[in-house]
Amino acid sequence: MSQKNTMKGVLCALGAYLIWGIAPVYFKSIQEVPAEEILTHRILWSFFFMLILMTISRHWPYLRQLIRQPKKILLLALTAIIIATNWLTYIWAVNHGYMLEASLGYFINPLVNVLFGMLFLSERFRRMQWIAVGLAFTGVFIQLWHFGSVPVIGLSLAVTFGLYGLLRKKLGVDAQTGMLVETLWLFPVALVYILFFTHSPTSNMLENSWSLNTLLIAAGIITTVPLLLFTEAAHHLRLSTLGFFQYIGPTLMFILATMVYGEKIDAERLVTFGFIWVALILFTLDALYTQRRLRRS
């Protein structure tokens, strides 16, 4: 792998995770819009944005190939529902003061990915991975046992995003074509919802300010650009290298939540975060050690 391609991969990975990390600022700027309404805009404008991208990148032959595989088209309906659930949970959490718990979900996500790999892809755990996952579960269990609560939002985000990644990996459909089909499945539902079931002060775009409408349309860009950057980065970097960038997003969310939006870290969150952070340190050290050993062999 050339140094030029590696640098391109690094820049794309940084771009993707930086956008994901500061995305809460965008959603906070339109928090007067109900979460389910933001979701419909995210779906609608992502679909139109993907049509433009597919045309610019001349990606339509890939869609024609996919149409010949109806089973994959149907499975993309399932992944569409899963990612829409993830989006709605994330938007609601950010705009209702649960950004810390949302960041916890994306800190947990790498460990969920490893667990899903063992359960569904017959991947074997290394010893340090077992310890890391065990620490993560211990942190959640202590919160349940001692404080009587469960980080529902964090776990929901981690599981839905992990499940989405697992299914998309098994489907083997490229990012652009897959996302176009997913948004196409969701498009009629979103359109019907926003036309006939929304009655908020912002539901009629003809009555909104141009600035709010611009922000709502930008939901398509906020959704698709980081995903495409991530896909490009995956082409130029080893997965083990790419994995080291995945903590940028939740770290930025954590900083925004505590230093900008004034969310407090109470005892139960601190305990859970502490166990997750130690687990991620072990997880990262194990990945570095394994990568170095493979290079020597």
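Might you check whether a residue that is hydroxyl-bearing (Ser, Thr, Tyr), open to solvent by 40 Å² or more (accessible area, probe 1.4 Å) and free of Cβ contacts under 8 Å to residues at least 60 places away in the same chain occurs anywhere in the range 236-243?
Initial filter on the range 236-243 (hydroxyl-bearing (Ser, Thr, Tyr)): 240-241.
Then drop every residue that is not open to solvent by 40 Å² or more (accessible area, probe 1.4 Å), which leaves 240.
Within this subset, residues satisfying the condition of being free of Cβ contacts under 8 Å to residues at least 60 places away in the same chain are 240.
Looking for residues that are hydroxyl-bearing (Ser, Thr, Tyr), open to solvent by 40 Å² or more (accessible area, probe 1.4 Å) and free of Cβ contacts under 8 Å to residues at least 60 places away in the same chain, one finds at least one in the range 236-243, hence yes.
For beta carbons closer than 6 Å, sequence separation of 6+ or different chains, a first residue in the range 1-26 that is more than 27 Å from Ala102 (Cβ to Cβ) and open to solvent by 30 Å² or more (accessible area, probe 1.4 Å) and a second that is at pLDDT below 80 and not charged (D, E, K, R), the qualifying pairs are Asn5/His236; Lys8/His236. Among the candidates Thr231, Thr202, the residue that is crowded, with 17+ Cβ neighbours inside 10 Å and β-branched (Val, Ile, Thr) is uniquely Thr202. Considering the range 136-171, the residues that are within 17 Å of the chain's Cα centre (by Cα) and surrounded by fewer than 16 Cβ atoms within 10 Å (Cβ to Cβ) include one that is modelled with the highest pLDDT, namely Val152. So which pairs qualify, if the first residue must be in the range 202-215 and in contact (Cβ under 8 Å) with a residue 60 or more places away in the chain, the second must be charged (D, E, K, R) and in a loop (DSSP other than H, G, I, E, B), the Cβ gap must be under 9 Å, and the two must be at least 6 apart or on different chains? Close Cβ pairs satisfying both conditions: Thr202/Glu32; Leu212/Glu32. Contact map, the range 258-284: residues that are in contact (Cβ under 8 Å) with a residue 24 or more places away in the chain and in a loop (DSSP other than H, G, I, E, B) paired with residues that are of a type in the set (A, V, I, L, M, F, W, C) and loosely packed, with under 14 Cβ neighbours inside 10 Å, Cβ distance under 9 Å, separation 6+ or inter-chain. No pairs are found.
Within the range 244-262, identify whether any single residue is more than 24 Å from Gly97 (Cα to Cα) and of a type in the set (Gly, Ala, Ser), and answer yes or no. Checking the range 244-262: not a single residue is more than 24 Å from Gly97 (Cα to Cα) and of a type in the set (Gly, Ala, Ser). Taken over the range 160-179, the criterion of being among the hydroxyl-bearing types (Ser, Thr, Tyr) and touching a His at 6+ places or on another chain (Cβ under 7 Å) is satisfied by Thr177 alone. So which residues in the range 197-242 are of a type in the set (D, E, K, R) and at pLDDT 90 or above, if there are any at all? Within the range 197-242, just Glu207 meets the criteria. Of everything listed in (1) surrounded by 20 or more Cβ atoms within 10 Å (Cβ to Cβ); (2) under 23 Å from Gly178 (Cα atoms), the single unmet condition for Ala102 is (2). Only residues in the range 38-59 that are closer than 11 Å to Thr223 by Cβ count as the first member; pair them with residues that are among the small types (Gly, Ala, Ser), Cβ under 6 angstrom, at least 6 apart or cross-chain, and list the lot. Close Cβ pairs (under 6 Å, with a partner that is among the small types (Gly, Ala, Ser)) amount to His41/Ala219; Arg42/Ala219; Ile43/Ala190; Leu44/Ala190; Trp45/Ala219; Trp45/Gly220; Ser46/Gly220; Phe49/Gly220.
Go through Leu252, Leu288, Leu270 for me and flag whichever is of a type in the set (A, V, I, L, M, F, W, C), open to solvent by 40 Å² or more (accessible area, probe 1.4 Å) and under 17 Å from the mean Cα position of the chain (by Cα).
On the way: Leu288 fails: under 17 Å from the mean Cα position of the chain (by Cα); Leu270 fails: under 17 Å from the mean Cα position of the chain (by Cα).
None of the other options fit; the residue is Leu252.
There is no residue in the range 197-206 that is of a type in the set (Ser, Thr, Tyr) and assigned to a helix (DSSP H, G or I).
The values are calculated or read from the model by the stated rules, or taken from the named source; none is laboratory data. Bear in mind that the values here come from a model prediction, so they are computed numbers and not experimental data. Because the Cβ atoms are built from the backbone with ideal geometry, glycine has one as well, and the counts that use them run over all protein chains shown. Heads up: the accessible areas ignore ligands, DNA and RNA and are worked out on the full protein's heavy atoms, side chains in. Shrake-Rupley method; radii C 1.70, N 1.55, O 1.52, S 1.80 Å.
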